[in-house]
Amino acid sequence: MSDVSAILGLPYIQPSQAQKHVTHNEALASLDALVQAAVKGRTLATPPAAPQTGDAWLVAPSGAVNAWAGQENALTWWDGAGWRFAAPRPGWTVYDLAEGGPLVFDAAQGWIRLPVSLDGLDMLGVNGAADATNRLAVSSSAVLLNHQGAGHQLKINKAGATDTASLMFQTGFSGRAEMGTAGNNDFSIKVSPDGAAWTEALRVDRTSGQVTGAAVQSGPSDVTPGRLMKTGAFGIGGLSPFLSDISVTDNSLPAGGVFGFSTAGGGTGGPAGVTRGQMIQSRRATGGGEVQVMIAEEASGIRPGTMLSRARTSGGWSPWLRGLVNADILGTVSQTGGVATGAIIETGTNANGTYTRWADGTQICRGVITAASVSCSIGFAGGFRSGTGPSITYAATFASSPAISAMSNDLAGTDMLVCGVITGATFFTVRFMRLTSGPADYVGTYTAIGRWTA
C-alpha cells in the first residue's frame, strides 16, 4: 500500500506509527490548501519575496526558477516554513483572485479561464466543432431565437462599407445563395449553381430603394421571359417610351404595349395631322398580325381624344381609320397600303352640320348657308355680285379642299344662287349674285364631298 493518497498525495498514517498526529496534521494542511483553492495569480515564475502563511499561486507555465524550479503549472502554497507543491490533474479547478474567475486545468493547454458567464468565450461549438473562422458552430435540426417580452432582432454588423454582412446558404458547404450587404451598402440577393459563378438577382439601392438585377427588366422594352416588370415598362404606370418610325414591320417594333408618339421627337408613320399621341401596339408577329390604336393628344384638324386605328396583315398596313379596326371595315389591303372599302366608320352632328366618314377615306359634310342683306353691287356677267360672303365651317375637317355644291331653299325676287365658292380644308366662303344691284337675302344648304384621310 502506498504511503500517500492517489489523487491529492495526502500522507497515510502507517500501522504502529509513532507521533501519528504529525502525519495527520500534514494531511490536513494539504487539504486546507487544496480544497476550495484560491490563488493570487498564475503568471509568476519566481517565488515572491515575503509570502504570508497560506498564500497560494499557480507557477507560471514556463521558466520557473529558484524554489519553484521545475514546478511549472503546479499549485504551490507557503506553509510558514517553505513552499509546498501539488501537481495538478486534468479537471482540477481553482479560483484566480487576480483575474476574478475560475480556472480549470487541461493537460494540453494548462490552466484555462472559465468565464462566470459566456462573455469572453473565444469560440463555442454546440454539438459541433467551432474553429477560428466559425467561432460559433451549431449542429442541430433547428435554432430558435426567441423574444423576451416583445420583438427580437438578429443583427449582423460589419466594419466598413466595402466589407460583407450577409446570410450564406450552402449545399455541401458550397455557396448557393447569399443575401445581405456584400461589398457595399446596397442590399442584394445573389445565387450560384456551383459556389463559383454568382448572379446578382436583385439589388436594392440604399438611397432610392429602387430595385435592379438579373430578375428585373433592364429597360422599358426588355421582354426577357421571367423578369419583373418595372413601372413605366411598355408605358404602364409611367411616361411612355417614345417610338420613332411606327410603320416598320416584322419584329422591328417593340412587343405589345403602350407607347408615346411624337413628331417633335422624330416619330413618323402616324395618322395624318397627329403630332402627339398615345399608341397601343399589339404583339408583333413576322409577316403581319399587328394592330395599332392611336389616341390623339395634339393634332391638326383632329379633335384631341380622337381614336384612330389600323391593322397590318401579310399585305401591309391598312389606312389609319377612326374607330377600331376589324374585319368588317378593313376590306382588301395591298402591299403598298391599299384602300379599305364599303363601310361607314363614323358619323356625327354638331353646330356646323353633319358629317359622315367611310372606310375608304371619303367624307361628306352637309350644312346650312344663311345670309341677310348681303350687298350685291359689283357688276358681273350681266348682273351684280357681292364681295366675299359669309364663311361656312364644315362639321368635320377634310384632308384637303372638298368639292362644294349649294342649293337655295326658296329663291325670292331677284336673289340668285352663289356665284363662286372659295374652299379650304375646314371652311368655305360664298358670293351671291342678283340681276339688279341691291341687298341679297339667302337661305340654302350645301354638300361638301372630299377625303378625311389622304
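The values are calculated or read from the model by the stated rules, or taken from the named source; none is laboratory data. This is a predicted model, so every value here is computed, not measured. Cβ sites come from the backbone with ideal geometry, for glycine too, and all protein chains shown count toward neighbours.
Out of the residues in the stretch 52-89 that are assigned to a strand (DSSP E or B) and in contact with a Pro (Cβ under 7 Å, 6 or more places away or on another chain), state the one that is farthest from GLY41 (Cα to Cα). Full working, then the answer.
Pass one, the stretch 52-89, residues assigned to a strand (DSSP E or B): 56-58, 75-78, 83-86.
Those left that are additionally in contact with a Pro (Cβ under 7 Å, 6 or more places away or on another chain): 75, 78, 83.
Numbers: LEU75: 10, TRP78: 14, TRP83: 16 Å.
Only one residue fits best here, namely TRP83.
Only one residue in LEU121, LEU136 is surrounded by fewer than 12 Cβ atoms within 10 Å (Cβ to Cβ) and within 30 Å of PRO61 (Cβ to Cβ), so which one is that? Before the answer, list the steps.
Details: LEU121 fails: surrounded by fewer than 12 Cβ atoms within 10 Å (Cβ to Cβ).
Of the residues listed, the single one that is surrounded by fewer than 12 Cβ atoms within 10 Å (Cβ to Cβ) and within 30 Å of PRO61 (Cβ to Cβ) is LEU136.
Looking only at the stretch 38-52, decide whether some residue is modelled with pLDDT under 80 and not polar (S, T, N, Q). Outline the logic, then answer.
Quick first cut of the stretch 38-52, residues modelled with pLDDT under 80 only: none.
No: the stretch 38-52 contains no residue that is modelled with pLDDT under 80 and not polar (S, T, N, Q).
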(message) Tell me whether the stretch 63-80 contains one or more residues that are surrounded by 14 or more Cβ atoms within 10 Å (Cβ to Cβ), more than 21 Å from LEU114 (Cα to Cα) and of a type in the set (Asp, Glu).
(response) yes
(request) At least 2 residues that are surrounded by fewer than 20 Cβ atoms within 10 Å (Cβ to Cβ) and at pLDDT below 85 in each: list the strands (runs of 3 or more DSSP E) lying fully within the stretch 311-427 that qualify. (result) 344-350, 362-380, 403-408, 415-423
(message) For the stretch 61-119, which positions are acidic (Asp, Glu), at pLDDT 90 or above and over 29 Å from LEU136 (Cα atoms)?
(response) GLU72
(message) Are there strands (runs of 3 or more DSSP E) fully within the stretch 132-242 with at least 2 residues that are among the hydrophobic types (A, V, I, L, M, F, W, C) and in contact (Cβ under 8 Å) with a residue 40 or more places away in the chain? List them.
(response) none
(message) Any residue that is at pLDDT below 85 and outside any loop (DSSP other than H, G, I, E, B) - is there at least one of those in the stretch 260-276?
(response) yes
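Is the stretch 101-110 home to any residue that is outside any strand (DSSP E or B) and acidic (Asp, Glu)?
Residues of the stretch 101-110 that are outside any strand (DSSP E or B), as a first pass: 107-109.
So of that shortlist, the ones also acidic (Asp, Glu) come out as none.
No, every residue in the stretch 101-110 fails to be outside any strand (DSSP E or B) and acidic (Asp, Glu).
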(message) If ALA29 meets every condition in (1) of a type outside the set (Val, Ile, Thr); (2) surrounded by 11 or more Cβ atoms within 10 Å (Cβ to Cβ); (3) modelled with pLDDT of 90 or more apart from one, which number is that one?
(response) (3)
(request) State whether one or more residues within the stretch 84-99 are surrounded by 10 or more Cβ atoms within 10 Å (Cβ to Cβ) and polar (S, T, N, Q). (result) yes
(message) Cβ contacts < 6 Å: first residue in the same structural domain as PHE428 (by TED's automatic domain parsing) and touching a residue at least 12 places away in the same chain (Cβ under 8 Å), restricted to the stretch 366-378; second residue among the aromatic types (Phe, Trp, Tyr) and surrounded by 15 or more Cβ atoms within 10 Å (Cβ to Cβ), any location; separation 6+ or different chain. Result?
(response) GLY367/TYR446; ILE369/TYR446; ALA371/TYR442; VAL374/PHE432; CYS376/PHE384; CYS376/PHE432; SER377/PHE384
